[in-house]
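Notes follow the structure.
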Amino acid sequence: MTTERVCGSCTLCCKLLNIPEFTSPAGKWCEKCDPKKGCTIYGNHPEKCKTFKCLWLLNLGLELDRPDKSKIVMKFVKAPQDNVTQLQIYVDLGYPKAWEIPYVKKMIDKLTSKGGRTFIIYGEKRTAIGNKDVLKILEGRVIK
Ligand code: SF4
Ligand code: SF4
């Protein structure tokens with residue numbers, strides 16, 4: 001039996017993801033976050049925050065891979081321009097190689113072999129990894 005995971009003291013998505021409602025560019029703490037206590041407007045936080053579940057919360061990886069420890073927050077999205085599945089890996093500043101762990105690399109390979117692609121997002125920098133033909137579609141486009 002698997003127990004449902006909870007965020008506990010992790011707040012890393014409040015730092016790495018962009019919340020357009022607030023002055024919180026990706027890579028910097030949301031202005032509403034107290035990293036030690038969590039969301040200071042909990043209950044009135046945006047819908048995007050209420051519904052967000054990183055892949056770890058959805059049972060990917062080991063218990064000890066919780067984002068505040070692994071320093072990465074992962075999610076799957078469908079690219080609006082071509083509906084291709086993309087894995088987005090947000091990496092905490094100061095830990096640029098945090099995503100280079102075996103199970104994450106395996107996921108990237110599997111996704112690439114199926115035509116999907118991965119973005120490593122480190123501050124303002126986005127690096128695309130994937131099948132060359134798929135990546136070509138992205139040339140000259142803004143990636144969301
Ligand atoms: S990164 Fe994942 S585990 Fe951490 S607070 Fe966000 S949803 Fe919860
Ligand atoms: S509003 Fe709250 S839950 Fe949403 S990113 Fe900011 S601190 Fe986190």
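Taken together, the residues in region 109-144 that are among the acidic types (Asp, Glu) and modelled with pLDDT of 85 or more amount to 1.
Mind checking which residues of region 1-39 are more than 7 Å from ligand 2 (Cβ to nearest atom), of a type in the set (Ser, Thr, Tyr) and at pLDDT 90 or above? Matches in region 1-39: 9 only. Inside region 40-57, can you point out the residues that are among the polar types (S, T, N, Q) and within 10 Å of ligand 2 (Cβ to nearest atom)? Matches in region 40-57: 40, 44. Scoring residue 45 on the criteria (1) within 16 Å of ligand 1 (Cβ to nearest atom); (2) not in a helix (DSSP H, G or I); (3) not assigned by TED's automatic domain parsing to the domain that holds residue 32 leaves a single failure, condition (3).
From the list 82, 68, the one residue that fits, being more than 9 Å from ligand 1 (Cβ to nearest atom), surrounded by fewer than 18 Cβ atoms within 10 Å (Cβ to Cβ) and touching a residue at least 40 places away in the same chain (Cβ under 8 Å), is 82. Is it the case that region 10-20 has a residue that's within 17 Å of residue 122 (Cα to Cα), touching a helix residue (DSSP H, G or I) at 6+ places or on another chain (Cβ under 6 Å) and not charged (D, E, K, R)? Checked region 10-20: at least one residue is within 17 Å of residue 122 (Cα to Cα), touching a helix residue (DSSP H, G or I) at 6+ places or on another chain (Cβ under 6 Å) and not charged (D, E, K, R).
The values are calculated or read from the model by the stated rules, or taken from the named source; none is laboratory data. None of these values were measured; they are calculated from a predicted model. Neighbour counts run over all protein chains shown; Cβ positions are idealised from the backbone, glycine included.
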